[in-house]
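Structure record follows, encoded as structure tokens.
The values are calculated or read from the model by the stated rules, or taken from the named source; none is laboratory data. The structure presented is a predicted model; accordingly, all values stated were derived computationally and were not measured. Cβ atoms come from the backbone with ideal geometry, glycine included; neighbour counts cover every protein chain shown. Just so you know, the surface numbers come from the protein's heavy atoms only, side chains and all, with ligands and any DNA or RNA stripped out. Shrake-Rupley method; radii C 1.70, N 1.55, O 1.52, S 1.80 Å.
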Amino acid sequence: MAQEGKYGAAQIQVLEGLEPVRKRPGMYIGGTGPEGLHHLIWEVFDNAIDEAMAGHAKRVDIVLNHDGSVSVADDGRGIPVEIHPQTKKSALETVMTILHAGGKFGAEDSGYKVSGGLHGVGVSVVNALSSTLTAEVKKDGTLYRQVYHRGIPEADVAKATKDKEDEWQNRDGNGTRQTFVSDPDIFSSTEFSWKTIIDHIRQQAYLTRGVWIALRDDRGEKSVHYSFYFEGGVAAYARHLGQPKGLLFDKIFYTQKSVGDIQVEVALVYVDDYNEHVFTFANNIYTVEGGTHLIGFRTALTRVINSYAKKQGILKDADPALTGEDLREGLTAVISVKLPEPQFEGQTKGKLGTPEARPAVDAVTAESLAYYLEENPSEAKTIIEKVLLAARARAAARAARETVLRKGALEGSALPGKLADCSEKDPTRSELYLVEGNSAGGSAKGGRDRRFQAILPLRGKILNVEKARLDRMLSSQEIKNLIVALGAGIGEEKQLDKLRYHRIVLMTDADVDGLHIRTLLLTFFFRHFPEVIDKGYLYIAQPPLFAISKGGKKQYAYSDRERDAILKELLAAKQAKAEVAVETSVEVETATDENEETPESQEASEELARATLEKMGERSPVSTSGEVKVSGVNVQRYKGLGEMNAEELWETTMDPEHRILLRVAVDDAMKADELFSMLMGDEVPPRKQFIQTHAKSVSNLDI
């Protein structure tokens, strides 16, 4: 009998220094893909922003160097370089090589009342995950430098000679610069996205007003420069977010005030839109799930606007109060709090849990908003009119909802007639295919596995919900069918635990109309069922574009490149077969003729080879259109799902063993919100500019 593995003190592994980071990088930066790679920049940048929030820095420079390294520099105080009393090493080396070492752990004289980042973990993690990192510090006119390789210092911190050509080194004042090369042994790719960096830094510039942030990309033939500076802070950010949707008034509400140690900034405006666009931040960290600061804001907003409406006689005492839902229609707002030792819920810091933030934001918002409404009667009137219209629409929507979701509908007794439901009742094992058109719906119903796959055909293009209130939405038969089939209700009565399917698959044609229908459906889910996306329940089917048939054997291709690869394989097989036939023919000839091969006989054999290849394949394997052509092979281009029979649709698109599904995810809710508003809203110029910018990158476009 084999001896069981021992488990004692000797089996306990102790990782020293930065070893834990290299061993489990995902625990510190979330992963080793693109998101984790860019997180390296964010961590170093956060340190610079912390200096700015503490009032010690006014400028940050980020440079993507031609050698693949990234430099982040600030004009702050500079990391201390003197010997640390506890570690007996330079304070710079201590910060760079020891986890949880830094000036953000509550020391009264550190100067960091608030900070983002990982509170001392950040820069040491970047050091551990870089093949090379050079830390430079300017202190009172002297430059200090230390170089690290995968977190290990090359030598002690030492004074360095300034490079006359280095603008940052010769700039007056103090500062810190970190230049790192991300480790290719850790990351799947070390290529940084310029667009990702610009989007993130722009957001941070809005949240840290009065700080100049310069970006430069030196990787190409020509350097690309961007600079951000927003004196207006979150007020400028709210304007930026609201403009694509159409501002209802120009004077943005903005307030900034401190309550104890908590700094509160709030900006809001109403837009010509039916959705809420509120974004919250704590110490410049985007809290996607909101938290106590959001609760405080909403409470104040509802109380103040109801009070103002009653004071002006717009609402009588007998009238029902305006609800939070009424007030949030078309609201665009940014709430930013900066506080010491914030409490976040969850590993991703997606929700602020600090209790003190709620009354602080409530008090600051209520006091300033009441004053704003009194001082700006025109804007106040616009807000009240918008809110009252939303309240009336809500009442109409409630009546429509009661019609749509009548008693018993959720239990399946009143499911839409076009729905071919599955026999499985466990939502975790059930799938709903939303299929474009009755023809494709018929094939899907015939090819599905009835045990767990339900089919709902959709007729034409559904209503664009970006431009419609709930009451108008519920007047659309296709939308009603979809809501009832999902079974979770909608609006204020939505109950996601009653969702009947935990895999919802959008299956549309691979043409312009199909892509438009898919976008309309994605808009519906993003605006009214974002939880479905967040939980990973929404998918996009990937039907094949081509069927390639030869001698009764059929292969499927999902792109032009895949089609050409299959055709080239078939052509190569034909040519190989032809060459074997030629060799056999030549062997027969030489066996009956013992004379040496003459130039004439060689030319004859080559001609025979060419003739044989011409019979087996095509003279030119590539057509003028770029598509590989092979004789005896039929290539069918599917223009729509309706061209596929039930068997083909099952084996290519619906069979769990072979299908390809793309899961819909929202990595950046703010960017997604802007994109949906721009593509599906009423403002034409931004949409036109987007189309002109991206037209050349469109693939699979049928004209």
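For this structure, a couple of remarks:
- Screening the candidates 562, 569 for the property of being surrounded by fewer than 21 Cβ atoms within 10 Å (Cβ to Cβ), in a helix (DSSP H, G or I), of a type outside the set (Gly, Ala, Ser) and in contact with a Phe, Trp or Tyr (Cβ under 9 Å, 6 or more places away or on another chain) yields one hit, 562.
- Filtering the stretch 485-541 to residues that are assigned to a helix (DSSP H, G or I) and of a type in the set (Phe, Trp, Tyr) leaves 524, 525, 526.
- Here the condition is being modelled with pLDDT under 95 and part of a helix (DSSP H, G or I); of 199, 172, it holds for 199 alone.
- Restricted to the stretch 259-274, and to residues there that are in a loop (DSSP other than H, G, I, E, B) and under 29 Å from the mean Cα position of the chain (by Cα), the residue that is surrounded by the fewest Cβ atoms within 10 Å (Cβ to Cβ) is 272.
- Scanning the stretch 424-459 for residues that are in a loop (DSSP other than H, G, I, E, B), closer than 21 Å to residue 653 by Cβ and either modelled with pLDDT of 90 or more or open to solvent by 30 Å² or more (accessible area, probe 1.4 Å) (or both) yields 424, 430, 448, 449, 450, 451, 452, 459.
- Residue within the stretch 275-289 that is touching a residue at least 40 places away in the same chain (Cβ under 8 Å), assigned to a helix (DSSP H, G or I) and out of contact with any Leu (no Cβ under 9 Å at 6 or more places or on another chain) present: no
- Residues being closer than 28 Å to residue 443 by Cα, free of Cβ contacts under 8 Å to residues at least 40 places away in the same chain and acidic (Asp, Glu) - total across the stretch 457-514: 1
- Where a residue in the stretch 426-455 is more than 18 Å from residue 647 (Cα to Cα) and its partner, wherever it lies, is open to solvent by 30 Å² or more (accessible area, probe 1.4 Å) and assigned to a strand (DSSP E or B), with Cβ under 7 Å and at least six apart: 431/503
- Residues satisfying the stated conditions in the stretch 336-376, i.e. open to solvent by less than 80 Å² (accessible area, probe 1.4 Å), within 18 Å of residue 287 (Cα to Cα) and assigned to a loop (DSSP other than H, G, I, E, B): 339, 340, 342, 346, 349, 350, 353, 354, 355
- Hey, residue 231 in a loop (DSSP other than H, G, I, E, B), over 29 Å from the mean Cα position of the chain (by Cα) and not aliphatic (A, V, I, L, M) or not: no
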